[in-house]
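First comes the structure, then the notes that go with it.
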């Protein structure tokens, strides 16, 4: 046993896959200790908030301020205010009043704004320009001058007695606050999704659920496949014919189609994560049974098995002590592949709306389904689906890498 473990952990592929998987598991159990709470809690009233740190604007107004003059602050404000479409439109207007195209650099914000400030006149009506277009330029000019000319913003509160606005404070463009001093701050490394949920917290919970689902489904499929394969391979005859007929019948029907039909018949309200795992396990054991059967057929007539028969040992003892240990390594590899297959199967089911019900726990497939339903991929909300794809890929990659490493250890034909 020690020698076998030594060989396994000397396989670079197995060790790499094992380390990736362990890191994923440690993250899933450690992160909730630092960020506890319900992963389905909606903390954002707006959907798809970008990744970053969010501070309460209301609380920041009463926070002690520091005066700073950053060299690029004004340029950054202007750059963020003027979109690329605005720059092109400004260039078109400037060219209509006779400014050479060579003198207009839309990539240089400061020079473009200076040209605009010195030359724009709302009274000018270039020929061929519509009223809507002129109004657009007026609004753009107004917004630009608010940033260029204004150095402070006045905060006013409503006076209930006089029904007028009274000055409550002034925020200057040189006022800065330390985010640690703001009472309410939230860190969202992966932003929020369509429901205003913390994507990272939900991703951790979903990964844990998907791995648990994979373990349940993989164990069920492996146990069923192992049992049928052992009985068919060792007993042969009518038992073998019956088991193989049933196995071949299920093999002919595409497994995913069968999975869709069963999960659809269960109904949304009854489809919990465990229920989906059981259904996946019950529909994915056939290849394990066929593979185990072929292994057992090559073992059932060996000398130690025949000696056990002559000694009068029971069927259960012969299978468990004389055959199963010789295929144990193959069973472990089959279990790893079944777990990986189950995780991917759940993701596929959830993508088409047949996964676990959404009101209980998130899964990786459900997160992809939510991102697709609310068009995150078409609007550029990458944080809603790219991390999910990455986690699914890492889990599958680590499991398959471990399986490849084990295959190289236990399969003599693959050893270097």
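Identify, from the list 140, 188, 183, the residue that is in contact with a helix residue (DSSP H, G or I) (Cβ under 9 Å, 6 or more places away or on another chain) and at pLDDT below 85.
140
Could you tell me whether residue 319 is part of a helix (DSSP H, G or I), over 16 Å from residue 14 (Cβ atoms) and touching a helix residue (DSSP H, G or I) at 6+ places or on another chain (Cβ under 7 Å)?
Details: part of a helix (DSSP H, G or I): yes; over 16 Å from residue 14 (Cβ atoms): yes; touching a helix residue (DSSP H, G or I) at 6+ places or on another chain (Cβ under 7 Å): yes.
Spelling it out, residue 319 is indeed part of a helix (DSSP H, G or I), over 16 Å from residue 14 (Cβ atoms) and touching a helix residue (DSSP H, G or I) at 6+ places or on another chain (Cβ under 7 Å).
Among 26, 40, 61, 19, which is under 19 Å from residue 390 (Cβ atoms) and surrounded by 11 or more Cβ atoms within 10 Å (Cβ to Cβ)?
Result of the check over 26, 40, 61, 19: 19.
Which residue, of 376, 342, 334, is touching a residue at least 12 places away in the same chain (Cβ under 8 Å) and under 15 Å from residue 202 (Cβ atoms)?
None of the other options fit; the residue is 376.
Of all residues in segment 162-180, count the ones that are farther than 18 Å from residue 55 by Cα and in contact with a helix residue (DSSP H, G or I) (Cβ under 6 Å, 6 or more places away or on another chain).
0
What residue, among those in segment 286-310 that are free of Cβ contacts under 8 Å to residues at least 12 places away in the same chain and part of a loop (DSSP other than H, G, I, E, B), is surrounded by the fewest Cβ atoms within 10 Å (Cβ to Cβ)?
301
Of these, 354, 349, 401, which one is crowded, with 17+ Cβ neighbours inside 10 Å, in contact (Cβ under 8 Å) with a residue 24 or more places away in the chain, touching a helix residue (DSSP H, G or I) at 6+ places or on another chain (Cβ under 7 Å) and assigned to a loop (DSSP other than H, G, I, E, B)?
When all the criteria are applied, what remains is 354.
Out of (1) touching a helix residue (DSSP H, G or I) at 6+ places or on another chain (Cβ under 8 Å); (2) without any contact (Cβ under 8 Å) to a residue 60 or more places away in the chain; (3) not assigned by TED's automatic domain parsing to the domain that holds residue 138, the odd one out for residue 37 is which?
Result: residue 37 fails condition (2) only.
Checking the structure you have, find out if any residue of segment 15-32 is touching a residue at least 24 places away in the same chain (Cβ under 8 Å) and either under 30 Å from residue 177 (Cβ atoms) or in the same structural domain as residue 152 (by TED's automatic domain parsing) (or both).
Within segment 15-32 (the criterion being touching a residue at least 24 places away in the same chain (Cβ under 8 Å) and either under 30 Å from residue 177 (Cβ atoms) or in the same structural domain as residue 152 (by TED's automatic domain parsing) (or both)), the answer is yes, since at least one residue qualifies.
Does any residue of segment 115-132 turn out to be touching a helix residue (DSSP H, G or I) at 6+ places or on another chain (Cβ under 9 Å), modelled with pLDDT of 85 or more, over 29 Å from residue 70 (Cα atoms) and part of a helix (DSSP H, G or I)?
no
Restricting attention to segment 40-65, which residues are in a loop (DSSP other than H, G, I, E, B) and either in contact with a helix residue (DSSP H, G or I) (Cβ under 8 Å, 6 or more places away or on another chain) or farther than 20 Å from residue 383 by Cα (or both)?
40, 48, 50, 51, 56, 61, 62, 63, 64, 65, listed by residue number.
Output yes when any residue across segment 72-86 is touching a helix residue (DSSP H, G or I) at 6+ places or on another chain (Cβ under 6 Å), assigned to a loop (DSSP other than H, G, I, E, B) and either outside the structural domain of residue 144 (by TED's automatic domain parsing) or over 21 Å from residue 174 (Cβ atoms) (or both), and no when none is.
no
Which condition number in (1) surrounded by 16 or more Cβ atoms within 10 Å (Cβ to Cβ); (2) modelled with pLDDT of 85 or more; (3) part of a helix (DSSP H, G or I) is the one that residue 239 fails?
(1)
For segment 274-285, name all the residues that are crowded, with 22+ Cβ neighbours inside 10 Å and either in a helix (DSSP H, G or I) or without any contact (Cβ under 8 Å) to a residue 12 or more places away in the chain (or both).
276, 277, 279, 280, 281
Of all residues in segment 314-334, which are buried (at least 16 other Cβ atoms within 10 Å of the Cβ) and more than 44 Å from the chain's Cα centre (by Cα)?
318, 322
The values are calculated or read from the model by the stated rules, or taken from the named source; none is laboratory data. What you see is a predicted model, and the numbers here were worked out from it, not measured in a lab. In this analysis, Cβ positions are derived from the backbone assuming ideal geometry, glycine residues included, and neighbour counts consider all displayed protein chains.
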